[in-house]
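A.B. asks: This structure is in structure tokens; I'll ask about it shortly.
The values are calculated or read from the model by the stated rules, or taken from the named source; none is laboratory data. This is a predicted model, so every value here is computed, not measured. Cβ placement follows ideal geometry from the backbone for every residue including glycine, while neighbour counts extend to all protein chains displayed.
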Amino acid sequence: MRALPLLLVFAVAPACAQTDKPSASGDPSDRRADTLVVSPEAKPGTEVSVPVGPGTTSVGYWDVNAGETPVRIARREAFGREGTPEAIHMLNLHDDESTSVDAALDVTRETGGWVVELQHSGDRNLAFTVGGERFAADPNRMFTDAGRAKTLASLSRATPEAEAALETFAASVLKAYTDLDPAVVVTLHNNTEDNYSVASYASGGAYEADAEAVTLHPGTDPDDFFFVTDRALYDALVARGFNAVLQDNARATDDGSLSVWAAQNGRPYVNVEAQHGHREEQARMIRALVEVIAAR
């Protein structure tokens, strides 16, 4: 996307009713496998402990059920080099957003940290069965009751059984991530050109009512931005020259996203959002976030 010429800083008031955020198209980039160490014992449902040195990564896999459908959770631990900041813990929920995972692995091989990733179909949305009936849901819309009902109704249909199965699955994903005790909940997402950007939260944007403040710096791509629930984190990232949105935690639409869950549970949250293919820029954003979190 062409960079915009002006710095825009918005304090955003509630506006019109919200619409669902658009789905990004699949990411064609290949997942890097270099320096990845996988033990022969790396079977579904097991955690792997491998003696490795700085700059390498070990991986553990779990198969959890979404209804009657097994879904794999991959949890990669990277071992940073001496003197790097405290490790970061990141979560990828959409299986078609591989640029974000590649960028995260690039950084954690330097700094250390964890990348937790849902692996199922290679698609954004999760398909699963309950009682032999097929359902579909957005994995980033499953963390509240309202979100589960809405995403099921939008992508298939909502039933009490499907909502219960999705709630159980969401709890399994949260456990795999929050058991790592992250200081800040960090998620990884990608978008497509002109589909979803920091401008979506600016005055007149589709999600204006969900934002308390928005910053778009001159000469930057609005597709690359942070979405934050904590004012101090927002201010620190903006001061470093990054585009950012501060969620209005009191008024944000309850769409079941992890940012809403984090606000409801008093957890600081940052989404590192970048356009598909912007791997170097997303890695730069993550490196800056590592330093910001370490300075808290």
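A.B. asks: For the stretch 90-107, which residues satisfy the criterion of being among the aliphatic types (A, V, I, L, M) and either in contact with a Lys or Arg (Cβ under 8 Å, 6 or more places away or on another chain) or free of Cβ contacts under 8 Å to residues at least 12 places away in the same chain (or both)?
C.D. replies: V101, A103, L105, V107
A.B. asks: Pairs please, first residue from the stretch 118-129 and charged (D, E, K, R), second anywhere and modelled with pLDDT under 95, Cβ atoms under 9 Å, 6+ apart in sequence or on different chains.
C.D. replies: The qualifying pairs are D123/G26; R124/S23; R124/A24; R124/S25; R124/G26.
A.B. asks: Has the stretch 274-292 got any residue that is assigned to a loop (DSSP other than H, G, I, E, B), closer than 19 Å to E212 by Cβ and either in contact with a strand residue (DSSP E or B) (Cβ under 9 Å, 6 or more places away or on another chain) or touching a residue at least 60 places away in the same chain (Cβ under 8 Å) (or both)?
C.D. replies: Looking through the stretch 274-292, none of the residues is assigned to a loop (DSSP other than H, G, I, E, B), closer than 19 Å to E212 by Cβ and either in contact with a strand residue (DSSP E or B) (Cβ under 9 Å, 6 or more places away or on another chain) or touching a residue at least 60 places away in the same chain (Cβ under 8 Å) (or both).
A.B. asks: Among residues belonging to the stretch 243-257 that are in contact (Cβ under 8 Å) with a residue 40 or more places away in the chain and touching a strand residue (DSSP E or B) at 6+ places or on another chain (Cβ under 6 Å), point out the one that is farthest from S200 (Cα to Cα).
C.D. replies: Within the stretch 243-257, the match that is farthest from S200 (Cα to Cα) is D248.
A.B. asks: To continue, here is another question. Please give the number of the condition W261 fails out of (1) assigned to a helix (DSSP H, G or I); (2) closer than 19 Å to V238 by Cβ.
C.D. replies: (2)
A.B. asks: Continuing with this model, one more query. Can you tell me how many residues in the stretch 231-258 are assigned to a helix (DSSP H, G or I), among the charged types (D, E, K, R) and within 17 Å of the chain's Cα centre (by Cα)?
C.D. replies: Total satisfying the criteria: 0.
A.B. asks: State which residue is farthest from the chain's Cα centre (by Cα) when the search covers only the stretch 190-204 and only residues that are of a type outside the set (S, T, Y) and surrounded by fewer than 20 Cβ atoms within 10 Å (Cβ to Cβ).
C.D. replies: Among those that are of a type outside the set (S, T, Y) and surrounded by fewer than 20 Cβ atoms within 10 Å (Cβ to Cβ), it is G204.
A.B. asks: When you check A213 against the structure, is it of a type in the set (A, V, I, L, M, F, W, C) and more than 19 Å from E273 (Cα to Cα), yes or no?
C.D. replies: Criteria not met by A213.
A.B. asks: On the basis of being within 20 Å of the chain's Cα centre (by Cα), at pLDDT below 95 and surrounded by fewer than 22 Cβ atoms within 10 Å (Cβ to Cβ), does E82 make the cut?
C.D. replies: So E82 fails the test.
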